[in-house]
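Heads up, the thing below is written out as structure tokens.
The values are calculated or read from the model by the stated rules, or taken from the named source; none is laboratory data. The structure presented is a predicted model; accordingly, all values stated were derived computationally and were not measured. Cβ atoms come from the backbone with ideal geometry, glycine included; neighbour counts cover every protein chain shown.
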Amino acid sequence: MEAQLEQLKDEALAKIEAASDVKALNEVRVAYLGKKGPITDLLKGMGKLPAEERPKMGALVNVIREAVTEVLEVRMAKLEEQAINEQLATESIDVTLPGRPARTGNHHPLTRVVEDIEDFFISMGYEIAEGPEVEKDYYNFEALNLPKDHPARDMQDSFYISKDILLRTQTSPVQARTMEAKNGAPIKIICPGKVYRRDSDDATHSHQFTQIEGLVVGENIRMSDLKGTLDLFAKKMFGTEREIRLRPSFFPFTEPSVEMDISCFKCGGSGCNICKKTGWIEILGAGMVHPNVLRMSGYDPTVVSGFAFGMGPERVAMLKYGVEDIRHFYTNDVRFVSQFHRTEV
Amino acid sequence: MLVSTKWLSDYVNIEGIAEAELAEKITRAGIEVDTIIDRSQGMTNVVVGYVKECVKHPEADKLNICQVDVGEEVTQIICGASNIAKGQKVIVARPGAVLPGDFKIKKAKLRGEESNGMICSLQELAVEGKLVPKAYAEGIYVLPATAVPGENALPLIGLDDIVLEFDLTPNRSDALSMLGVAYEVGAILSQGIQLPEITYTESADKAEDVLKLRIDAKADNPMYVAKVVKNVKIAESPLWLQNRLMAAGIRPHNNVVDITNYVLMEYGQPLHAFDYDRLGTGEIVVRLAEEGEKITTLDETERTLKSHNLVITNGKEPVAIAGVMGGLNSEVHDGTTTVVIESAYFTPGSVRQTSKEIGLRSDASTRFEKGVDPARVIAAAERAAQLMAELAGGEVLSGSVIVDELDKTPVRITVSPDYINHRLGMKISLEEMLSILDRLQISTEAVNGLLVIDAPTRRQDLRIEEDIIEEIARMYGYDHIPMTLPVTESTPGGLTPYQAKRRTVRAFLEGAGLYQALSYSLTSKEQAQAYALETAPVTELLMPMSEDRSVLRQSIIPHLLEAATYNVARRMDSVALYETGSVFLGEQEDGLPQEVEHVAAVITGKWVDHAWQAETKMVDFFVLKGIVEGMMDSLGLVEGLSFEQAVIDGMHPGRTANIFYDGERIGLIGQIHPTEQKKRDLKNTYVMEMNLAKILAIETAELVYVQVPRFPSISRDIALVVSSETSAGALEHVIRNAGGKLLKTVRLFDLYEGANVEEGKKSVAFSLTYADPERTLTDEEVVKAHDKVLNALTTEAGALLRG
């Protein structure tokens, strides 16, 4: 019996040694250590042995089984490693092949500019106000201190639908509507939207474009508040090192009126082609809300005051990204829109 | 407005200030200087020459050989101008001169003859052709006989001047005159200004004896001043005057006309000169035109008038359209000897309307339209009379013929310094304010701590307290305004739910692979209602610029299809775009169309493209449907969403559906009809358009967290054969109804029609999962529920179960 066991062990070890892959080794395992294998048979046959021999033989069988198992496991580990290595060798790829692009789209550049501006002012406690694109002459002009025969109406040629209705030429009617609706309460709003003017489309003109305006109305609103607000805005939108300057200007709905320049974000003020060698870039128009505008919308200009400002997202985008033709914003060329996908933070 | 600095220095001392610095100061104080024009353009070696000899070139008909005295020598110059002649004083560009356009003058030989320089026209010296006096428009310019050979020619013709081009805002019409500019510059430089001194000798004859004046339309013409000058000799104006006009952008004609233009530029008061004899009646009557009355204006155009147009007549017929343009019949001509000078106040509204109707804007009408200074009406007439006496040898008849009912009372503005400081957020002292107003020559008194101001009539833009605030602030300098932030009730700010959800929709669609498009609201009548979810009368422009942009859109799809075609034509054959924007429907009670925000999308070409492994998937209905479902899911609205096969104009009849939410139609989705695709040069193209306003108005249910299941779910697959007509949606409906509360998900995972499936039938496979959040399900429970499902499918949907 002992000899038989030893022989079995030698036989098993030889076969383990001979097994060249995981599969063959598993066959060896089943053949020798499985339920139907000779070692199990031997253990089963123990019952036939005299009782005094059983413990000794039992121990011996276990020793041999453990020895075989141990060798087999070592061999198995080695063969498994070998198998994995073989697999890895066949699985090698060319990592320089192009990746599979993740499908994605992005904001239109004007939406991007508008949302950036909206988000800045939202953080300052502003709300976003919107209004109709087809507007009454009253809100578009009259309520903004532009009576029917006002010379400044010459500045904008409009698309009229009827004598009293037109495509809005500015987003300012939203201000007039908001003031009317707020009925004397304080206001802090930003009004983005599409506007229309009777212009022929070319590289710098578009019959449809966007505007974004802001309005603050309340007691004690000062021109210094306008300046401080615009300064923060300029630094947020165009870089912390930006400086602003105000130049007197004229808009019928504000008095005093100003235009705001920012120090050139390309050359920093030393003069380049973007700022036309002046060091300054005109970005927006602003001013203190004209008392007539306040009065027409139900505010008492002796008690409250306000400031307003407005700019063109197209102009901002054209300056910021160097877009050379305003028509690009409206042709929906994928090669154009898809360029505005990445963050600039 | 073009401002010659040489001319300006007549009134204000700008010596020692570089033009660039002056321009910057003017800009920062309120009037934008657009360009600084150096009229010399850096030219040198341009001198006066005296043509001593001039003979035809033997070899060339059109050339002349001239011997020209250029001061230091007499030199030979070949000249091709037809008006060159012996004895002229001319402008010579000598060898070494560089003329505008980098034109270098060198010694040359022309047909064998030496030429040492060039005799110049004004155009060659960069004077605009339309400003060159007609006599010299086609040839060289001839200088007066007093010019000295060899001297620098540029000052003689006013090209040693620097001109500032103002970009005036509509409120600053006061700066449409040299005197107005002088007031502004004087204030900026803290200097007084020098007004022209008007003195001349009057003739013994009285103007009122030879000219009668009647105003029949005083509402439109409250003030009219006429002066009569006799014995004028029409001639060229002196060079200095011509030069100033050219610098101001006006072409010199003759001394009388030039004088009216000169005074127009100097005072901002338009004048007109009539030939007294041509008037013929010794009378001027200002009245409204008769409807249909005709007049031929100076530009030789016959114009038909309306009954509200103001005209100047000789008592019989119109001789000028008031404030806009004179008539040809009373024009000053070479033989004119007696001139009537007209200086009037025509009301802005009247002139604006007439000039707009006639389509004629002149230097005069632009000034009348903005309102001229009532205080300068008489002064300007006197100034013109003086110049006609000095420069045209005229005798000014004594007195003027005047009708004057114009209210010249200055506007009084009372404002407190505190109010000014309060609005500006500054602390400017009363003394400082008074000093600024004094510099601006705005007469001000401090009364009980208030500023009491009489606004000068030349500054018609000063009407209310805020106008004074602006005057003080701009002169004090906006740079000195501090930076503060509004101190208001603190408000939370933020987006409305509608605005926030719109951003969610955009973010979802972009994440799903669509680029945002932005197209025009205006479109053609043909396109306006194509694919519209809802149609209503279209909103039409009164005066469209083109048929293609004449009405407002009622759907976005045509615009996205146009964009798709545009891209495909540029070899971008895979396009995925969406747009959110308004469509315009009918007319509401307030007369405005209803504006409804829609969202629309287009996809065409490849959806998945893994080129190097050739794994490509073209777009199809279900790609877009999945996007719609995902979009609605992002708003928490996927539960009520359903799709129903539909037939819609321009869409593929078998691949189109209406989209419903809780039974209400909210959109459409499908493939463009192949015929339509072909017309637009598109391959298979899918579109959707939905009423975004309606969708975003639906209140989003609260997000409810469901515990992650702790007990395993059990899944069962079903394979069925059903009639081809049976929709997947109907089968799913049967399954869900029968499945009971244990049934958690139903997923269609296979669909097959063709070989091995009976004709008219299709094979469909679903995967169902059953679960109970509280415990592990037993086999029996699952079998029971699943049997119900199978039973329902066979009895209700006529399904044959497979395998």
In region A:291-330, the residues that are more than 11 Å from chain B (Cβ to nearest Cβ) and in contact with a His (Cβ under 8 Å, 6 or more places away or on another chain): A:Ile326
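Sort out which residues of region B:522-571 are acidic (Asp, Glu) and surrounded by 16 or more Cβ atoms within 10 Å (Cβ to Cβ), and write them in order of number.
Step one: filter region B:522-571 for residues acidic (Asp, Glu), giving B:526, B:534, B:540, B:547-548, B:562.
Hit for region B:522-571 is B:Glu562, nothing else.
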Lone unmet requirement of (1) in contact with an Asp or Glu (Cβ under 9 Å, 6 or more places away or on another chain); (2) at pLDDT 95 or above for B:Trp607: (2)
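Of all residues in region B:307-361 being part of a loop (DSSP other than H, G, I, E, B) and of a type in the set (A, V, I, L, M, F, W, C), which is nearest to the chain's Cα centre (by Cα)?
At the first step, the residues of region B:307-361 found to be part of a loop (DSSP other than H, G, I, E, B) are B:307-309, B:314-317, B:322-324, B:331-338, B:346-347, B:359-361.
When the remaining residues are screened for being of a type in the set (A, V, I, L, M, F, W, C), the result is B:322, B:324, B:332, B:346, B:360.
Details: B:Ala322: 29, B:Val324: 25, B:Val332: 38, B:Phe346: 29, B:Leu360: 20 Å.
Going through the qualifying residues, I end up with B:Leu360.
Could you go through region B:49-61 and let me know if any residue there is assigned to a strand (DSSP E or B) and within 14 Å of chain A (Cβ to nearest Cβ).
Step one: filter region B:49-61 for residues assigned to a strand (DSSP E or B), giving B:49-57, B:60-61.
Filter once more, so that each one left must be within 14 Å of chain A (Cβ to nearest Cβ): none.
Looking through region B:49-61, none of the residues is assigned to a strand (DSSP E or B) and within 14 Å of chain A (Cβ to nearest Cβ).
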Filtered residue count, region B:462-483, keeping only those that are surrounded by fewer than 16 Cβ atoms within 10 Å (Cβ to Cβ) and at the interface with another protein chain (Cβ under 7 Å from one of its Cβ atoms): 3
Residues being more than 9 Å from chain B (Cβ to nearest Cβ), hydrophobic (A, V, I, L, M, F, W, C) and in contact (Cβ under 8 Å) with a residue 24 or more places away in the chain - total across region A:245-269: 4
Leading residue by the ranking (farthest from the chain's Cα centre (by Cα)) among those in region B:541-563 that are within 8 Å of another protein chain (Cβ to nearest Cβ) and free of Cβ contacts under 8 Å to residues at least 12 places away in the same chain: B:Leu542
Test: A:Val217 is more than 8 Å from chain B (Cβ to nearest Cβ), under 25 Å from A:Phe141 (Cα atoms) and aliphatic (A, V, I, L, M): yes
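Given the options B:Val256, B:Val210, name the one that is of a type in the set (A, V, I, L, M), over 31 Å from the mean Cα position of the chain (by Cα), buried (at least 19 other Cβ atoms within 10 Å of the Cβ) and over 22 Å from B:Ala23 (Cα atoms). Spell out the reasoning first.
Numbers: B:Val210 fails: buried (at least 19 other Cβ atoms within 10 Å of the Cβ).
Criteria check complete, one pass: B:Val256.
In region A:210-250, how many are part of a strand (DSSP E or B) and closer than 30 Å to A:Asn183 by Cα? Can you show your working first?
Our first condition is that a residue be part of a strand (DSSP E or B); within region A:210-250, this holds for A:210-219, A:244-250.
Subset that is closer than 30 Å to A:Asn183 by Cα: A:210-219, A:249-250.
Of the residues in region A:210-250, 12 are part of a strand (DSSP E or B) and closer than 30 Å to A:Asn183 by Cα.
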Residue within region A:235-242 that is touching a residue at least 60 places away in the same chain (Cβ under 8 Å) and either at the interface with chain B (Cβ under 9 Å from one of its Cβ atoms) or buried (at least 18 other Cβ atoms within 10 Å of the Cβ) (or both) present: yes
Count of region B:660-710 residues which are in contact with a helix residue (DSSP H, G or I) (Cβ under 6 Å, 6 or more places away or on another chain) and either assigned to a helix (DSSP H, G or I) or of a type in the set (D, E, K, R) (or both): 4
Scope region B:70-94; condition assigned to a loop (DSSP other than H, G, I, E, B) and touching a residue at least 24 places away in the same chain (Cβ under 8 Å); matching residues: B:Val70, B:Gly71, B:Glu72, B:Ala81, B:Ser82, B:Asn83, B:Ile84, B:Ala85, B:Lys86, B:Gly87, B:Gln88, B:Arg94
Wholly within region B:368-462, helices (runs of 4 or more DSSP H) carrying at least 1 residues that are among the small types (Gly, Ala, Ser), over 23 Å from B:Ile472 (Cβ atoms) and within 38 Å of the chain's Cα centre (by Cα): B:377-391
Extreme residue, farthest from the other protein chains (Cβ to nearest Cβ), among residues of region A:331-345 that are surrounded by 13 or more Cβ atoms within 10 Å (Cβ to Cβ) and part of a helix (DSSP H, G or I): A:Phe336
Residue match in region B:484-504 (condition: hydrophobic (A, V, I, L, M, F, W, C), more than 7 Å from chain A (Cβ to nearest Cβ) and touching an Asp or Glu at 6+ places or on another chain (Cβ under 9 Å)): no
Single match in B:Ala507, B:Ala500, B:Ala512 (criterion: of a type in the set (A, V, I, L, M, F, W, C), out of contact with any Phe, Trp or Tyr (no Cβ under 6 Å at 6 or more places or on another chain) and buried (at least 18 other Cβ atoms within 10 Å of the Cβ)): B:Ala512
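Restrict the check to region A:91-110 and report whether at least one residue is within 30 Å of A:Gly214 (Cα to Cα) and aliphatic (A, V, I, L, M). Talk me through it step by step, then tell me what you get.
Filtering region A:91-110 down to residues within 30 Å of A:Gly214 (Cα to Cα) leaves A:105-110.
Pick out the ones that are also aliphatic (A, V, I, L, M) and you get A:110.
Yes, region A:91-110 contains at least one residue that is within 30 Å of A:Gly214 (Cα to Cα) and aliphatic (A, V, I, L, M).
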Complete set of residues in region B:564-587 that are facing chain A (nearest Cβ under 7 Å), in contact (Cβ under 8 Å) with a residue 40 or more places away in the chain and out of contact with any Leu (no Cβ under 6 Å at 6 or more places or on another chain): B:Ser582
